[in-house]
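Structure, as structure tokens:
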Amino acid sequence: MYTTEAGYGAGLAGVWSAVGRDWRRGDRARALARLGFLSPPEDRGRLIWIRAGADPESLRLGIELLGFVRHKRQDVRLVLTFERDCPELFEQHMQPFRKVGVGYGPCDRPRVVRRVLDRFQPAGIILAGGVTPPNLLEATQAPVIAVNAAPPARPAARGLELAWPRDPEESRCWSDRAGEGGAARWLEPADPMARFVEAQADVVLRSLVGGEVRRLWWWHGTAAGWPDWRAAWEASGFGEEDILLASLEEDPGHPLPGRSLRVSEWDRNALAPGNVVQLDDPRWFAAAASATQAVHLDAPGSRVLWQALAGGTAVSLGREGTLELPVEVHADPQAVLARWTALRDDAAVRRQLGDAARRRFWGERRRVDDHFETLLAEVWDW
């Protein structure tokens, strides 16, 4: 369910290879940033550095953390650094704050870390996702909070002020590191992505599709898993009355063979049964979760998982995870379709499963809200 990308790291050969690659591509700003040639925002005030991990979910977390901190602390300067640029995330979620600097971040080479700390002089550091950088942890004198960041690959000489793990497995890792450069304290596991998805049910998609279609179903997975799913769907007979929504985890816009249309190209006219509609825009995920009879998440990230649970529908997964969830696990497409057959006309069971999913979602969201208050109380003292 969760993936943690290693990112820049601290390996000399890997860092310089990446610097050379960026330089050849003309991406001079990223190459210089990786080597620590960064400038803090102008104006006055203490500086808080939010360091996002390498994956898009970490960047989304960093953007949200920046907003939470800014609303609490108007007096500080904020810096958000990242390793992978996702313009659509900034377009959708970034607000035009003052005294904020945003850009590519540095690697964890010791000399680079010292250079950045000398330039930033941070009053505090928040790690948003990714892997905790051991050299940064050892070099800084500022307090460090890790939010959904994995422990460092090697024990650091000093520890964190606070760790917020996102799942029980990550919590156990931090617990094992207690006393060896781990964290002074850590919170109960909670995934902030539960706070960032849409919580209100919106079934407009069902009415847009049209009355000829009796049911909607949603499959979410990988391009490698799609051919088997497409074959199983076509053999199932579901297409005589129903529509399948399909989406990809790693690249939503990658074309799915056999699809009828992309949702981004849909003119909102009624659709006939048997269509396979690719959800190539993640902004449709909330509508799909609310309008479908059931969802199967073959390979979900945390965002789509919590969105599916928030939709109040029956949810199944393609593999076991580390969270306790009110879902079934089916690795085989035929097993999922057999379960969907049992759910087709059993509205009572679907409602029961959907209510359990929403209760789990709201429990996670309340825990996340409590943790944000704890984090902001720490930041208030910086």
With (1) of a type outside the set (Ser, Thr, Tyr); (2) open to solvent by less than 30 Å² (accessible area, probe 1.4 Å); (3) under 18 Å from residue 197 (Cα atoms) as the list, and residue 325 as the residue in question, which single condition is left unmet? (2)
Which residues, counting only those in segment 84-126, are under 22 Å from residue 156 (Cβ atoms) and of a type in the set (S, T, N, Q)? 121
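Tell me whether segment 329-337 contains one or more residues that are open to solvent by 20 Å² or more (accessible area, probe 1.4 Å), touching an Asp or Glu at 6+ places or on another chain (Cβ under 6 Å) and modelled with pLDDT of 90 or more. Please lay out each step first, then the result.
Filtering segment 329-337 for residues open to solvent by 20 Å² or more (accessible area, probe 1.4 Å) gives 329-332, 334-335.
Now narrow it down to the ones that are touching an Asp or Glu at 6+ places or on another chain (Cβ under 6 Å): 329.
Next, only the ones that are modelled with pLDDT of 90 or more stay: 329.
Yes, some residue in segment 329-337 is open to solvent by 20 Å² or more (accessible area, probe 1.4 Å), touching an Asp or Glu at 6+ places or on another chain (Cβ under 6 Å) and modelled with pLDDT of 90 or more.
Rundown of residues vs (1) closer than 19 Å to residue 288 by Cβ; (2) assigned to a helix (DSSP H, G or I); (3) open to solvent by 50 Å² or more (accessible area, probe 1.4 Å), yes/no style:
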position	(1), (2), (3)
207	yes, yes, yes
230	yes, yes, yes
234	no, yes, yes
251	yes, no, yes
Out of the residues in segment 304-322 meeting the condition of being at pLDDT below 90 and under 18 Å from the mean Cα position of the chain (by Cα), tell me which one is nearest to residue 248 (Cα to Cα). 321
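Test of understanding: among 22, 43, 55, which residue is in contact with a Lys or Arg (Cβ under 9 Å, 6 or more places away or on another chain) and under 28 Å from residue 166 (Cα atoms)? Walk me through it before giving the result.
Details: 22 fails: under 28 Å from residue 166 (Cα atoms); 43 fails: under 28 Å from residue 166 (Cα atoms).
Criteria check complete, one pass: 55.
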Residue 26 being modelled with pLDDT of 85 or more and on the phi > 0 side of the Ramachandran plot: yes
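Out of the residues in segment 338-381 that are among the aromatic types (Phe, Trp, Tyr) and open to solvent by less than 20 Å² (accessible area, probe 1.4 Å), state the one that is nearest to residue 165 (Cα to Cα). Quick ask: steps written out before the conclusion?
Going residue by residue through segment 338-381, those that are among the aromatic types (Phe, Trp, Tyr) are 340, 361-362, 372, 380.
When the remaining residues are screened for being open to solvent by less than 20 Å² (accessible area, probe 1.4 Å), the result is 340, 361, 372.
Details: 340: 34, 361: 17, 372: 13 Å.
It comes out as 372.
The values are calculated or read from the model by the stated rules, or taken from the named source; none is laboratory data. What you see is a predicted model, and the numbers here were worked out from it, not measured in a lab. All Cβ positions, glycine included, derive from the backbone under ideal geometry; neighbour counts span all protein chains shown. The accessibility values were calculated without ligands, DNA or RNA, using every heavy atom of the protein model including side chains. Shrake-Rupley method; radii C 1.70, N 1.55, O 1.52, S 1.80 Å.
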